[in-house]
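Written below as structure tokens is the structure these notes are about.
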Amino acid sequence: MASTPLLLLTGLRCSGKTTLGAAVAADCRVTFTDLDPLVLAELGASSVGQAFERFGETGWRQGEAAVLRRAIEGDLSGVLSMGGG
């Protein structure tokens, strides 16, 4: 369980989750995390396009779910920008 609150931002692709999340986190002086780079690291891919090419949408979604589960169950706090899917 997170030691301090975690704000999850969800929305469509390119809707401003990362921009808003970074701004809110800076204003609140908390950590900002973007889920997509964590998923890329999980899959060993350098871009979302490469990950989709190598693993397909199903593989991407499985990686995304695994990373999100660990983030929520771990000690992540602050602001988390979720993927657009």
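Remarks
- Only helices reaching 15 angstrom along their own axis (Cα) with mean Kyte-Doolittle hydropathy no lower than -1.0 count here, and for the DSSP H runs of the chain these are 17-28, 48-73.
- Computed [θ] at 222 nm, deg cm²/dmol, the chain (DSSP H ≥ 4; -39,500 (n - 2.57); rounded to nearest 500): -18500 deg cm²/dmol
- The share of accessible area on the chain that comes from carbon and sulfur is 56 percent, using a 1.4 angstrom probe.
- Three principal axis lengths of the chain [C-alpha, angstrom, descending]: 38, 27, 19
- Net charge, Ala65 excluded, C-beta distance under 14 Å - Lys, Arg +1, Asp, Glu -1: -2
- Phi-derived couplings, Karplus 6.51 cos²θ - 1.76 cosθ + 1.60 at θ = phi - 60°, listed residue by residue for region 74-83: x, 9, 5, 9, x, 10, 10, 8, 7, x Hz, with x used for Gly and Pro.
- Accessible area (Å², per residue) of the chain, counting only protein heavy atoms and a probe of 1.4 Å: 62 Å²
The values are calculated or read from the model by the stated rules, or taken from the named source; none is laboratory data. Quick caveat, the model's predicted, so the values are computed rather than measured. Every residue, glycine among them, receives a Cβ derived from its backbone with ideal geometry; neighbour counts consider all protein chains shown. Only protein heavy atoms, including side chains, enter the accessible area calculation; ligands, DNA and RNA are left aside. Shrake-Rupley method; radii C 1.70, N 1.55, O 1.52, S 1.80 Å.
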